[in-house]
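Just below is one structure, and these are the notes that go with it.
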C-alpha cells in the first residue's frame, strides 16, 4: 500500500520471458498486486509468470486468447484492478523499462493530491536526449505536440511514456473496451480522460534503455497512424465535451477555422493553376486567399486558446 491506498502493477507482457523476472523481482513492496497480462506470447512468458508467482503471491496471471497489443493488455489489467476495487494502478512494462525507484513520486499526486492520472515525463530528465534513442526522442516530440492539441492537456509532455498511475475514479469512468489497443494507447487515454474532466499531471522519471529490450517502435509505421488517430480523437473530444455534454462556442471557432483553411486551399490551387497556365496571379484571388487563410488561422487559434483556458483546472 501507499499512504493507505492499495496499488496494483499492470505488467503488459509479450514475449518477455527473459526480462519478466527482473520486473517482478524489483517490484517495490508498496505494490499489493502484480497483474501480468500475457498477450498471447509465443515464448515462455506465461510459464515464467507462473514460476514467479510461486515465490511471490502478489503475482496474478491473465492470458489473452488473441494478441491485442500493448493497449489491449493494459486495458485487461485496468479492468482487473477496477473490478477488484484497487485504489491505484501503475503500468510497469514487461521489458523492465520502468525504474521502480520512480514509483513513489508517480503515486504521490494520485494518492495525496487528488490527481486522477499521473504520467512519467522522460523529456525533462537531465540529458534525456542523450539517454533516449534519437529517433524516439524526435518522434516523441512530434507526437507530444499533437497530443497537446488533441487532448487539451497543454501542461503535459512525453505523451508516449507508458509509466503511469491511474486512480480508481478514472478506472471506473473510462470504457476500456473502446480504448485504442496498440501504440496510440497513451494518446487515446489522455483524450478520454479530458472528456471525463480528469486531472492529469507530469512527473519526471529516468529514461531506461539498452537493458535487453526489443522495441517495436518504427517511425514510418507509427507516426502516421497515431497522427491520424489524434486528428479523429481531437474532433471526437470537441464534439463530446463541448457539444454533447456542454455548449461552448470554441467548437464553432475551430470548425470555422478548418472550413476557412479548406477554402484557402482551394484558392491556393487556383493561384498555382493560373500561374502555371497563364503566368499571372489575379489580385482579387490572391487577396481572397490571404484573407481566408488569415481569418482561418485566427479563428482556429482563438478556439484553441479558449480550450486551453477551459482545461486550466485539470492540472
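List of remarks:
- For the stretch 1-128, the direction-averaged projected area of the alpha-carbon convex hull comes to 8.1 nm².
- Comparing 32, 116, 83 in a Gaussian network model of the chain, where Cα atoms under 10 Å apart are tied by springs, the biggest mean-square fluctuation is seen for 83.
- Folded to 0 to 90 degrees: helix 134-151 orientation relative to the chain principal axis, Cα: 70 degrees
- Pairs of Cα atoms nearer than 8 Å and 6+ residues apart set the relative contact order; for the stretch 1-151 it is 27 percent.
- Among the listed values [x] 36.5, 120; [y] 22.5, 80; [z] 32.0, 105, the one matching Rg and Dmax of the Cα atoms in Å as calculated from this structure is [y].
- All-pairs alpha carbon distance profile, the stretch 248-310, 10 Å steps from 0, percent: 25, 39, 21, 12, 3
- For the listed peptides 157-163, 264-270, 198-204, a ranking on the average number of other beta carbons within 10 Å per residue, highest first, reads 157-163, 198-204, 264-270.
- Helix 69-83 and the longest principal axis of the C-alpha atoms of the chain enclose an angle of approximately 60°.
- Averaging Cα coordinates gives a centre for the stretch 133-172 and one for the stretch 90-121; these two points are 14 Å apart.
- Of all DSSP beta bridges in the chain, antiparallel share, percent nearest 5: 25 percent
- Helix 250-278 and the longest principal axis of the Cα set of the chain meet at an angle near 50°.
- Most mobile listed residue (12, 100, 109) in the chain, GNM with C-alpha springs under 10 Å: 100
No lab work stands behind these numbers, since they all come straight from the coordinates. Here the structure is a predicted model, which is why all the values come from computation and not from measurement. A quick note on method: Cβ atoms are made from the backbone with ideal geometry, for glycine too, and the neighbour counts reach across all protein chains shown.
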